[in-house]
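Here's the structure we're looking at; comments come further down.
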Amino acid sequence: MPAWLKDAIFYEIYPQSFQDTNADGIGDIPGIIHRLDYIRELGCNALWLNPCFASPFLDAGYDVADYYTVAPRYGTNEDLKNLFAEAHKRGMHVLLDLVPGHTAAEHPWFRESCKAEKNPYTDRYVWTDEVWRIPEGMNTIRGFSERDGACVVNFFSHQPALNYGFLNPAESWQQSMDAPGPQATLAEMKNVMAFWLSMGCDGFRVDMAGSLVKNDPEQEGTIALWRQVFAWLEKAFPEAAMVSEWGEPDRSLRAGFHMDFLLHFGPSHYNDLFRCDNAFFAGNGDASAFVKAYEATRAKAEQGLICIPSGNHDMQRLTTHLPEDGVRIAFAFLLSMPGAPFLYYGDEIGMRYLWDLPSKEGGYSRTGARTPMQWGRTANAGFSSAAPEKLYLPIDPAGDRPTVEAQMTDPDSLYQEVRHLIEVRRANPALGNLGRLRFVYAPEKACPLVYLREAEGERVLVILNPSETAGTFPWTEGLGERIYGQGGAASVENGTVTVPAKSASFYRV
Ligand code: TEU
Ligand code: CA
């Protein structure tokens, strides 16, 4: 694992909505450079940028039309190179988003692949051998090409699946992983990675990383494929960091990834905590299923970081299902768990999910979590000087919408709470990315949630009680210094700790 991940705290930027510098209403790379100091001051020292490559933007850039060129609306390759350099100057690292599973339908490879005559791209995508043959359990598009066949798609219908082969080819059109077509696809994806890494990029967040090999229910083929990639990467770019969008760390970390996310899909029960009708951090939900799933996955994954994001561009905002105090306790959790924290832009000021927005670039219900960053009081909240109707998405119209400017000067703001939590994390090795974790108390449908963090001979007990009522848990040791607190302090008597309602505390023990 690259050494820099030991204390990496990531900030996810949706480039189109962060900072516009040329008044076209769309965020851009010079805008990200302009805001690097803001991110550093918050305490984050690493970035993940959503895809910023040439694209028809039918899925916000997750439909890549050219892996080697920055989308003109964001700037140039030179701008991106500049971002890497400016980030490095500040001790920061930058991950790009790699989308290896599919391309845009307008990618030149796909155009070639659609032709009836054989050419170097015939086997770049997964095709059946006749248009009438529709493979079971896979989505296809058909009847649009001269080539006779149905083409498998990975996500939306305009995202044809790149061909990495089948685990156990069962039909003549299914190629094995080591056939020339799949091997050429993989070699090209390595070229893409090497291209950006050589330019100064520090690694990738890998989109749908578990989706590459087909007919692979246990993902053993995809795991083997990634292990090959990592064998190469560790030699060629040993400092490159890789985080998978997989959602099953026991598989992804075995595949060689340094980090994986717990997400709104997969077996993690992530949503139980933050995004459901009775979310745990809202006060009367359940954290025990999450804890059980976490312990099970951790036991199977011997190495690597399990990362719990505050949100991302695919889900509602952290504020959607949680009250303000619940959001703060959720941040106390996010910034005291092991793994590298990932903050979604704007979550640090409590930006809101905007309901009922018309879909933008394939966002659909995800659109409301992708609105422009709210910097301050100036026009368009400081995001852009374009006319409001030209903005990528509208700014939150609420009169009391949170802004960076207001929260930076308010000592009681969420921004200050998050910044302070990052400081506390950095000051205490036990709370760091690699520190050990043991759950002490995680009752079913009850509070508090209690766990012990430990590293370098230091131990910190984390006690989180989002409930409206006080709670207790058994603890036979004493409590030392309270190094972080929200709400009232806990008290210990006769082997029982009493925790006030709506509180979060970190104690040295
Ligand atoms: O997402 C994959 C995915 O399965 C989901 O996150 C999905 O977008 C969500 O569940 C819908 O609510 C990744 C990207 O994060 C997403 O933005 C892309 O649209 C998708 O891959 C295709 O590339
Ligand atoms: Ca712009």
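Readers should treat all values here as calculations from the given coordinates under stated rules, not as data from a laboratory. Values in this document were obtained by computation on a predicted structure and should not be read as measured data. Backbone-built Cβ (ideal geometry, glycine too); neighbour counts: all protein chains shown.
Looking for something away from ligand 2 (no atom under 16 Å from the Cβ), in contact (Cβ under 8 Å) with a residue 60 or more places away in the chain, under 14 Å from the mean Cα position of the chain (by Cα) and crowded, with 19+ Cβ neighbours inside 10 Å - is there at least one such residue anywhere in segment 232-243? Checked against the condition, which is being away from ligand 2 (no atom under 16 Å from the Cβ), in contact (Cβ under 8 Å) with a residue 60 or more places away in the chain, under 14 Å from the mean Cα position of the chain (by Cα) and crowded, with 19+ Cβ neighbours inside 10 Å, segment 232-243 yields at least one hit.
Consider residue 42 carefully, then state whether it is closer than 17 Å to residue 202 by Cα and either touching a residue at least 12 places away in the same chain (Cβ under 8 Å) or touching a Phe, Trp or Tyr at 6+ places or on another chain (Cβ under 6 Å) (or both). Judged against the criteria, residue 42 is not a match. Considering segment 33-120, the qualifying helices (runs of 4 or more DSSP H), each wholly inside and each with 3 or more residues that are within 22 Å of the chain's Cα centre (by Cα) and away from ligand 1 (no atom under 16 Å from the Cβ), run over 36-42, 77-89. Looking only at residues of segment 346-375 that are under 17 Å from residue 326 (Cα atoms) and assigned to a loop (DSSP other than H, G, I, E, B), we find that the one that is nearest to ligand 2 (Cβ to nearest atom) is 346. Answer yes if at least one residue in segment 390-399 is part of a helix (DSSP H, G or I) and either touching a residue at least 12 places away in the same chain (Cβ under 8 Å) or acidic (Asp, Glu) (or both), and no otherwise. Scanning segment 390-399 turns up at least one residue that is part of a helix (DSSP H, G or I) and either touching a residue at least 12 places away in the same chain (Cβ under 8 Å) or acidic (Asp, Glu) (or both). Counting residues in segment 73-92 that are in contact with a Pro (Cβ under 6 Å, 6 or more places away or on another chain), within 29 Å of residue 255 (Cβ to Cβ) and in contact (Cβ under 8 Å) with a residue 60 or more places away in the chain gives zero.
Scanning segment 286-306 for any residue that is free of Cβ contacts under 8 Å to residues at least 40 places away in the same chain and either within 17 Å of residue 351 (Cα to Cα) or within 16 Å of ligand 2 (Cβ to nearest atom) (or both) turns up nothing. Scanning segment 466-486 for residues that are surrounded by 16 or more Cβ atoms within 10 Å (Cβ to Cβ) and not in a strand (DSSP E or B) yields 466, 467, 470, 475, 479. Here residue 293 fits the description: more than 22 Å from residue 44 (Cβ to Cβ) and either within 16 Å of ligand 1 (Cβ to nearest atom) or part of a helix (DSSP H, G or I) (or both).
When segment 362-386 is examined, which residues are found to be of a type in the set (Val, Ile, Thr) and away from ligand 1 (no atom under 16 Å from the Cβ)? Within segment 362-386, just 378 meets the criteria. The set of residues in segment 376-398 being surrounded by 19 or more Cβ atoms within 10 Å (Cβ to Cβ) and more than 16 Å from ligand 2 (Cβ to nearest atom) consists of 396 alone.
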